[in-house]
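To start, the structure itself, in C-alpha cells.
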Amino acid sequence: MTPMNRRILLASRPQGAVAPDNFKIEQVPLAPLAEGQFRVRNHYLSVDPYMRGRMNDVKSYAEPLALGDVMTGGTVGEVVESKHGGFAVGDKVTGVFGWQDYGTSDGAGVRKIDDTLVPATAYLGVAGMPGVTAWYGLNKIIAPRAGQTVVVSAASGAVGSVVGQLAKLAGCRAVGIAGGAEKCRYVVEALGFDACVDYKAGNLYRDLKAATPNGVDGYFENVGGEVFDATLARMNPFGRIALCGMIAGYDGQPVPLKQPSIILTMRLLVQGFIVTEHLALWPEALGTLVALVAQKKLRYRESIVEGLERAPEALMGLLQGKNFGKQIVKIA
Ligand code: NDP
C-alpha cells in the first residue's frame, strides 16, 4: 500500500483573528523519492508567531503563503528513506518541512542534530531559530555592557526567555514584561531575571519604573503597543532597541506609538531585524546556545500539544498568549 502523508493547508485568509476554518487537513499518497532526495518523518513541529504573517497576502520580508499551500513551519524528525549521499536513514534532522507528517528534501536548509546533547525539541526553541533570534538581537543590536539594564517583552516565551538569561550571563540587570502573575513568577524564579512586570496587572508604567530604577539601556521588543510605549518612556540616552516582533498587531490591530519623539530626545538606536537574514552567524549562535543548554545555564519551558490536527489550535492559542514557553506540536 502507498504510504500516506497528512498535511494541513492554508484554506482561507484570516479576517482578524485566526479561525479553524482558515485551515484544511488532507491526506495524500507520498510520491517516490528522486535520486538525491531523502524523506523525513516529522516528529515535532514548531509553532511561531511569524506564521500569522504568512497567512496574509501583504507585502512583507517574506512571500505570503498561497491558498492551498502547506502551512510553513520548522520541524525536527528522522530520515526514514534516502537516495542522498549526505543523509542516511536514522539521521535526526531539523528543517522547514511544514505542517505535515513527512517532508522530502534535497538537503537544502536541513541540518543534522545531536539529540544526545540536548533534547530534539530544544532545536525548535532555545537551541533553534528563536534562540538565535534572542542571541542576535541582544548581542548584535543591543550589545549591552555589564551593569546595564535590559528589558524584554513576551519574556516567558521562546525568544524572550533566552534574551533575559543571556543578558544576565553578560552581567546585566534583566527585566521581563509578561502577561500574568504565573508567567512573571516563572521568569524571576526559574529563569533568574531580576524582575518581571505583569502588563495585565493594570499599572504597567508604574511597575516598570519601579523595576528599572536606573532606566533602560537596551530594549528587546516583541510585542508593540502599550508595552512599547511604556518602555520607550524609560529609555536612557543613547539606548538601543532591537525591534524583533510586534505580536500585539499581528491580527491587524493598530499598534500606534504614542511618543515617537522620545527616539529623538533620547538619541535612541532602533533596529528591526529578521533572523533568517543572518544565516552566517547561526553556527556561532547555535554552538553557544547548545553548550549553555547542555551546561544547564540556559533554562527553557515548552507547551507541547499532541497531534498534527491540533496545530491550528496551537497557533490560535499562541496568538492569544495561551502558550507558556516554546509552543510545539508533537506529530509522531
Ligand atoms: P512566544 O513564545 O513569546 O509566544 C508569544 C507570546 O506573545 C505569548 O505567549 C504572549 O505572552 C505574547 N502575546 C501574544 N499576544 C499578545 C498581545 N496581543 N499583546 C501582548 N503580548 C502578546 O513567541 P516567540 O518567542 O516565538 O516570539 C516572540 C516575538 O519574536 C514575536 O513577536 C515574534 O514575531 C518575534 N520573532 C521575530 C523574529 C525575527 O527574526 N525578527 C524571529 C522569531 C520571533 P504574554 O502572555 O506574556 O503576553
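The values are calculated or read from the model by the stated rules, or taken from the named source; none is laboratory data. A quick note: this is a predicted structure, and the numbers were derived from the prediction, not measured. Please note: Cβ atoms are built from the backbone with ideal geometry, for glycine as well, and neighbour counts cover all protein chains shown. Accessible surface is based on the protein model in full, side chains and every heavy atom, while ligands, DNA and RNA are left aside. Shrake-Rupley method; radii C 1.70, N 1.55, O 1.52, S 1.80 Å.
Could you say which residue among ALA242, ALA248 is within 15 Å of the ligand (Cβ to nearest atom) and either surrounded by fewer than 15 Cβ atoms within 10 Å (Cβ to Cβ) or assigned to a helix (DSSP H, G or I) (or both)?
Details: ALA242 fails: either surrounded by fewer than 15 Cβ atoms within 10 Å (Cβ to Cβ) or assigned to a helix (DSSP H, G or I) (or both).
Of the residues listed, the single one that is within 15 Å of the ligand (Cβ to nearest atom) and either surrounded by fewer than 15 Cβ atoms within 10 Å (Cβ to Cβ) or assigned to a helix (DSSP H, G or I) (or both) is ALA248.
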Next item on the list: Could you tell me whether any residue of segment 156-165 is more than 9 Å from the ligand (Cβ to nearest atom) and over 20 Å from the mean Cα position of the chain (by Cα)?
Entry: no
Margin query: Any residue at all in segment 39-50 that's within 16 Å of the ligand (Cβ to nearest atom), modelled with pLDDT under 95, open to solvent by 40 Å² or more (accessible area, probe 1.4 Å) and outside any strand (DSSP E or B)?
Written below: no
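Looking at this structure, is ARG111 charged (D, E, K, R) and either assigned by TED's automatic domain parsing to the domain that holds ARG234 or within 16 Å of the ligand (Cβ to nearest atom) (or both)? Spell out how you get there, then give the answer.
Working: charged (D, E, K, R): yes; either assigned by TED's automatic domain parsing to the domain that holds ARG234 or within 16 Å of the ligand (Cβ to nearest atom) (or both): no.
When the stated conditions are applied, ARG111 does not pass them.
Yes or no: VAL329 farther than 25 Å from ARG240 by Cα, within 15 Å of the ligand (Cβ to nearest atom) and touching a Leu at 6+ places or on another chain (Cβ under 7 Å)? Outline the logic, then answer.
Working: farther than 25 Å from ARG240 by Cα: yes; within 15 Å of the ligand (Cβ to nearest atom): yes; touching a Leu at 6+ places or on another chain (Cβ under 7 Å): yes.
Against the criterion (farther than 25 Å from ARG240 by Cα, within 15 Å of the ligand (Cβ to nearest atom) and touching a Leu at 6+ places or on another chain (Cβ under 7 Å)), VAL329 qualifies.
Let's see how each residue does on (1) within 10 Å of the ligand (Cβ to nearest atom); (2) surrounded by 20 or more Cβ atoms within 10 Å (Cβ to Cβ):
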| position | (1), (2) |
| --- | --- |
| LEU289 | no, yes |
| LEU298 | no, yes |
| ILE304 | no, no |
| GLU309 | no, no |
| MET316 | no, no |
| PHE324 | yes, no |
Check: Looking at this structure, is ARG54 under 21 Å from GLY125 (Cα atoms), over 19 Å from the mean Cα position of the chain (by Cα) and either open to solvent by 40 Å² or more (accessible area, probe 1.4 Å) or at pLDDT 95 or above (or both)?
Finding: no
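Which residues, counting only those in segment 17-51, are over 25 Å from the mean Cα position of the chain (by Cα) and under 19 Å from GLY109 (Cα atoms)?
Taking segment 17-51 first, the residues over 25 Å from the mean Cα position of the chain (by Cα) are 26-39.
Answer for segment 17-51, where residues must be over 25 Å from the mean Cα position of the chain (by Cα) and under 19 Å from GLY109 (Cα atoms): LEU33, ALA34, GLU35, GLY36, GLN37, PHE38, ARG39.
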